[in-house]
Amino acid sequence: MSDNTINVSAESLERFVAQAFAAAGCNDSGARDMAQCLVHTNLWGIDSHGVLRVGKYLERLRSGGMNGNPQIRTVRADRALEVLDADNGSGYVAGKAAMARAVELAGQQNIAAVAIINSNHCGATSLYARMALEHDMIGIAMTNVAPNMVMTGGSRPVTGNNPIAVAVPTFGDFPFVLDISLSAVAGGKLLVAAKNGEPIPTGWATDRDGRPTTDPKVGFDGFLLPMGGHKGFGLSLLIDILCGVITGGSFQHELKSMYRYPNDPSNTAHLMIVMNPLAFIGKQQMQERMSEFVETLKESPMWDPQAEMLLPGELEYRSEKERRRNGIPLTGALYDELAAIGNELNLDAALDRIAA
């Protein structure tokens, strides 16, 4: 097994991952959607939600835990509100379908909300919020997940870390993109720490009895702690209500973790909301006002003269520019894992290395 970091081109990685999903029974368009989403997430520097998860998704496609050929359909609709059924398809495919429909409806009504039920893990919610930016609109994306988070002092999880993302066009170099889960840290970071043999800070996770731990493996098998105590806890409950309770989808313990139940549908639900800000003000006026907003933040003094004020979405913008030029860094273990998948599935696509 290689211990070094290996940089591969984004284009070759996307082709490789798409071929792998297609070989595991996913239809071509779904395989492309999943690969594109995962590689984009790595480009943004969010490696915990990138191709690290390919092996798990392949396992679920092969076992039937996730449907590689879903027939997404509308189950309820009233003007700018709709609910879609994902037919146990990939959350990436479902999320893109729901956001595309929300954008279409918002183009007619200036605001729209589209929920999708009976779905699966959808990765970084900013993938879907950003889709609205292509239409000069504001995108909001959220999803519920199986209970994996305890309130401080609790011994059993009662809610998920339920991510939410908001993307706002700035008409500048990069958009405003806030993408957070409501635990102190995303579960994927525990996977990264475990793969790298690193401890985690106290306050990230607990063991199976709710007691704090610094061992990422113990924490991943245990429970996450909420961001900001009762604030993150309360917001996670709200997202479960919006995604699952009011849409007719699954919520709380009706949801299943794809890690603890790899052969079962996850029953996840997502909600996509799109707003047209140009219904309030003109595009030029919004560009001027957002420019002033960004400039004010950038000029905010820092106590450390070497420090810089960064806006939500700026790190991802910089990371994508750098990684498109120099390649996406994969740990030696992950590169070897992907290479083994390629050999097992007899893939034609190769992982093109880029010299660091």
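Structure summary
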{"quantity": "Filter result for residue 111 (farther than 20 Å from residue 49 by Cβ, in contact (Cβ under 8 Å) with a residue 60 or more places away in the chain, hydrophobic (A, V, I, L, M, F, W, C) and in contact with a strand residue (DSSP E or B) (Cβ under 6 Å, 6 or more places away or on another chain))", "calculated": "yes"}
{"quantity": "Sole exception among (1) assigned to a loop (DSSP other than H, G, I, E, B); (2) within 23 Å of residue 51 (Cα to Cα); (3) over 20 Å from the mean Cα position of the chain (by Cα) for residue 217, by number", "calculated": "(1)"}
{"quantity": "The lone exception for residue 158 - which of (1) modelled with pLDDT under 95; (2) in contact with a Gly (Cβ under 8 Å, 6 or more places away or on another chain) it fails", "calculated": "(2)"}
{"quantity": "Some residue of the range 43-53 being more than 15 Å from the chain's Cα centre (by Cα) and of a type in the set (A, V, I, L, M, F, W, C)", "calculated": "no"}
{"quantity": "Unique match (being more than 18 Å from the chain's Cα centre (by Cα) and either outside the structural domain of residue 246 (by TED's automatic domain parsing) or of a type in the set (A, V, I, L, M) (or both)) among 75, 39", "calculated": "75"}
{"quantity": "Conditions (1) part of a loop (DSSP other than H, G, I, E, B); (2) surrounded by fewer than 21 Cβ atoms within 10 Å (Cβ to Cβ); number of the one not met by residue 200", "calculated": "(2)"}
{"quantity": "Tally, over the range 250-263, of residues that are surrounded by fewer than 16 Cβ atoms within 10 Å (Cβ to Cβ) and part of a helix (DSSP H, G or I)", "calculated": "2"}
{"quantity": "Matching residues, the range 297-356, being touching a residue at least 24 places away in the same chain (Cβ under 8 Å), of a type in the set (Asp, Glu) and within 18 Å of residue 173 (Cβ to Cβ)", "calculated": "314, 316, 320"}
{"quantity": "Condition met for residue 127 (in the same structural domain as residue 249 (by TED's automatic domain parsing), touching a residue at least 60 places away in the same chain (Cβ under 8 Å) and touching a Cys at 6+ places or on another chain (Cβ under 8 Å))", "calculated": "yes"}
{"quantity": "Breaking point among (1) within 18 Å of the chain's Cα centre (by Cα); (2) of a type outside the set (Phe, Trp, Tyr); (3) not in a helix (DSSP H, G or I), for residue 247", "calculated": "(1)"}
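Here's the yes/no breakdown for (1) in the same structural domain as residue 275 (by TED's automatic domain parsing); (2) crowded, with 21+ Cβ neighbours inside 10 Å:
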{"residue": "158", "(1), (2)": "yes, no"}
{"residue": "162", "(1), (2)": "yes, yes"}
{"residue": "179", "(1), (2)": "yes, yes"}
{"residue": "195", "(1), (2)": "no, no"}
{"residue": "204", "(1), (2)": "no, yes"}
{"residue": "208", "(1), (2)": "no, no"}
{"residue": "215", "(1), (2)": "no, no"}
{"residue": "233", "(1), (2)": "yes, yes"}
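The values are calculated or read from the model by the stated rules, or taken from the named source; none is laboratory data. Given the structure is predicted, the values throughout are model-derived calculations rather than measurements. Counting neighbours? That spans all protein chains shown, and the Cβs are built from the backbone with ideal geometry, glycine included.
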